[in-house]
Amino acid sequence: MSPSPSRHPPVLLLHGIWNTRSWLIPLAWRLRMQGFQVDIFGYPSVSGGPDVAVPLLLERLRHSGPINLVGHSLGGLVALEALRQAPELEVPRVVCLGSPLCGSETARSLADHGWSAALGRSGNLLLQGLPDWHGPAQVGLIAGSVAHGLGALMGALHGDSDGTVALSETCLAGLADHCIVPASHSGLVLSPEVAELTAAFLRQGRFPGEAVRRAS
């Protein structure tokens, strides 16, 4: 039985660095099963970076009407940078999945080891992160706690992480909500729990009360 059409705005998904639109197909399917209309935004994450992605995203958003955004890793940074530049756009809510909003120590370690070319034109955004969030969109972040990933292998991360992004790197001031799930960085886009939490935030602007929060 197909889910009833959503009363909420459609959803646009953004992938992270070194990924393509196809990477987000499982998440798109799960959100469609939750009743959302979903599309995927592709962009050249290495050869183009935010200098290409942000203008393309802004053009898309200006012609879409109300729409919510979900970005994995770098995709979350691109989404918020676009809204920082154009806060008047009709984007009520954004969910970031494992996005290093405060800057990435894994990216810094790659650069320090002479591998900055792997980051391409997304390097600066990943290294610097974003300023505190003051935009009108409600932003929720889902962080992973299973440390399987490049950052863990390189010894670049300290403390809790998803293996690529440290938990502390996801805690940008100004977020509407933040929660933690048992998933690796890549696993965030494959997790049924993440899809359910994402759907809940898109509907309510908060994660469910039983979601795991960071200890204060």
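We did not get these values from a lab; they are worked out from the coordinates using the rules stated. Since the model is a prediction, treat every value here as computed from it, not as a measurement. We place every Cβ from the backbone using ideal geometry, glycine too, and count neighbours over all the protein chains shown.
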What longest region of the chain stays clear of GluC sites (Glu not before Pro) that DSSP places outside H, G, I, E and B and that have at most 14 other Cβ atoms within 10 Å?
91-209
So between SER64 and ARG7, what do we pick up on full extension, going 0.36 nm a residue minus the alpha carbon distance?
18.9 nm
Add +1 for every Lys or Arg and -1 for every Asp or Glu among the other residues with Cβ under 10 Å from the Cβ of ILE67, and state the total.
0
Treat each spin label as a single point 7 Å out from the Cα along the C-beta direction, and report the ASP51 to ASP39 distance in nm.
2.7 nm
Evaluate the relative contact order of region 21-84 (contact order divided by residue number), counting alpha-carbon pairs under 8 angstrom at least 6 apart; express in whole percent.
23 percent
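How high is the relative contact order of the chain, in percent, with contacts defined as C-alpha pairs under 8 Å that are six or more residues apart?
Across the chain, relative contact order equals 19 percent.
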